[in-house]
Structure formats: C-alpha cells, structure tokens
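To keep things clear, I will list the structure first and then write my remarks on it.
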Amino acid sequence: MIEIIDVKASHVVAIRVSGKIDKGEMQQIFTAMQAVVEQHGRINLLVELDRWQGITASGLWEDLKGGLPLAKKMQREAVVTESKFLEIWTRIGSSLWPGVEAKVFKPSEREQALAWVSE
C-alpha cells in the first residue's frame, strides 16, 4: 500500500510504503512526482518503508520504466527504514543515479530525514 504524505516543502514528495507494491501504486507515485517536477523542475523524495514486503514484477517494470526520466530531476532521496537490506539497496541504487544524493534514516530520525529532503 502507498500513502502520499502531505509535507510543507512543495518540491518534496513523501510516501509511506507498506505491504507489496504493484504497478498501479508505482503509477500513483510517479503521478505525484511528475506534478512536482512540472511545478519546480526538480524533486526530492522521502520514502518511509513500514512493513514493506516487496514489489510485484509489473510494479518493478513500471518502476524501471517510469523512474528513469524522473531520476534525472531528482536531487535527494531520504529512505526511512529499519531494514538493513533496504539500507544496502539504497546505497547500491544511489550509485547508479549520478547526481542523486541518497541517505538512509532510522524511523526515530524521520524528522531529520524530512528536514534534509526539504532543503
């Protein structure tokens, strides 16, 4: 399940993810991100992963297909998670996207994560 979280910084899209992500949810994320890009020309992303259970094959394909154009507009990504696997995955992913600065925060550091992506 995807929940878009309302935040004050208009160049930030914040989402909370739980369960398994599918194609429709990826499209929902990209719609929100595209609206911010159209308004600001750039985007920062806050992703809270709470009881995340993975992504469907169609969701992964949508992520790859839709994420590439938006990644060029992204400057910062904050990932809030307890998962060591997702921390490692975030580091690997950030090395694939030059120009995108990514950091991992613990759930207790959520406010710091939000402040960082809001800069």
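Residue count for region 55-85 under the criterion of being under 19 Å from GLU111 (Cα atoms) and of a type in the set (A, V, I, L, M): the result is 3.
Whether a residue is within 18 Å of ILE5 (Cβ to Cβ) and more than 14 Å from the chain's Cα centre (by Cα) was assessed, and ALA78 does not pass this test. The helices (runs of 4 or more DSSP H) found wholly in region 1-96 and carrying at least 3 residues that are at pLDDT 90 or above and surrounded by fewer than 17 Cβ atoms within 10 Å (Cβ to Cβ) occupy 23-40.
The values are calculated or read from the model by the stated rules, or taken from the named source; none is laboratory data. Because the structure is a prediction, the values reported are computed rather than measured. We place every Cβ from the backbone using ideal geometry, glycine too, and count neighbours over all the protein chains shown.
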